[in-house]
Amino acid sequence: MTTTLEDHLAARRVHQDAVGQKLCEILDLIEQGQTDGLYPDGLTAELAQVRLLAMVNAKVLCAPETEPEPEAPAEPEA
C-alpha cells in the first residue's frame, strides 16, 4: 500500500470510530429516557426507528476489521 492510501484508510477508520461513538451516545440517551420513565407506553415510532438504525450501524462501524489471513505457502511437489 502506498503511504497516501494508508493515510486515507487510517483517517477513514478514525472517522468511522467517531461516528460509532456518537451512535453509542444516542443509544445511551434513548435508554436513559426509558429509564427515567419518559416513555411509559414505549418509544415513539420515530425514536424506535432511530434506535434500531443506531444499533445496526453501531455494530457495523464498531466491528473490528478482519485482516485477510495470509495464504499458506505452496508445498513443493515431490
Quick calc: nm separation of the 7 Å Cα→Cβ label points for R13 and E25 -> 2.3
Each label sits 7 Å from Cα toward the beta-carbon; between L52 and T4 the label points are separated, in nm, by 4.3
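Any read-out appearing in this document is the output of simple, stated calculations on the displayed coordinates, not a laboratory observation. On a predicted model such as this, the values are computed, not experimentally measured, just so you know. So basically every Cβ, Gly included, is an ideal-geometry build from the backbone, and we count neighbours across all protein chains shown.
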